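The values are calculated or read from the model by the stated rules, or taken from the named source; none is laboratory data. None of these values were measured; they are calculated from a predicted model. Here the Cβ positions follow ideal geometry from the backbone for every residue, glycine too, while neighbour counts run over all protein chains shown. Accessible surface is based on the protein model in full, side chains and every heavy atom, while ligands, DNA and RNA are left aside. Shrake-Rupley method; radii C 1.70, N 1.55, O 1.52, S 1.80 Å.
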Amino acid sequence: KTIQVVALIAYLMENKESKGPFLVVAPLSTLGNWQIEFDRWTPEVIRIDYQGEKQSRKKLQQRALGRQFNVILTTYEYVMRDVSFFSKIEWEY
């Protein structure tokens, strides 16, 4: 499933000229694998790995609100913690 989603995002970016932003929500135990697969198959994708302590997430939020990314990769728990931040972004898909 990981590769299928990475391939879909690559397809949307390359063929449909949709640069995002895209939100990928995955279990914490699989985030490392997602990072590896994004790096391997789509190194051109600008990705924010949204996790960590509150202070580091605030910095990531500032970067994201400046639209300096294509994909945010995070977990359900972080989405629920920072739902007000995630609701400010107009997600593409």
Failed condition for ILE36, given (1) in contact with a Leu (Cβ under 8 Å, 6 or more places away or on another chain); (2) in a helix (DSSP H, G or I); (3) among the β-branched types (Val, Ile, Thr): (1)
Residue in segment 72-81 that is free of Cβ contacts under 8 Å to residues at least 40 places away in the same chain and surrounded by 17 or more Cβ atoms within 10 Å (Cβ to Cβ) present: yes
Residues being surrounded by 12 or more Cβ atoms within 10 Å (Cβ to Cβ) and not in a loop (DSSP other than H, G, I, E, B) - total across segment 41-64: 10
Pairs where the first residue, in segment 42-59, is more than 16 Å from SER84 (Cα to Cα) and the second is basic (Lys, Arg) and open to solvent by less than 100 Å² (accessible area, probe 1.4 Å), C-beta under 9 Å, 6+ apart: ILE48/ARG63
Residue list for segment 1-51, restricted to those being farther than 19 Å from ARG67 by Cα and of a type in the set (S, T, N, Q): THR2, GLN4, ASN15, SER29, THR30, ASN33, GLN35
In segment 1-33, residue farthest from ILE46 (Cα to Cα) [restricted to those that are part of a loop (DSSP other than H, G, I, E, B) and more than 14 Å from the chain's Cα centre (by Cα)]: LYS1
Test set (1) modelled with pLDDT under 95; (2) farther than 16 Å from VAL79 by Cα - GLN35 fails condition number: (1)
Search result, residues across segment 82-93 that are open to solvent by 30 Å² or more (accessible area, probe 1.4 Å) and either in contact (Cβ under 8 Å) with a residue 12 or more places away in the chain or among the basic types (Lys, Arg) (or both): LYS88, GLU90, TRP91, GLU92, TYR93
Failed condition for TYR11, given (1) among the aromatic types (Phe, Trp, Tyr); (2) open to solvent by less than 80 Å² (accessible area, probe 1.4 Å); (3) without any contact (Cβ under 8 Å) to a residue 24 or more places away in the chain: (2)
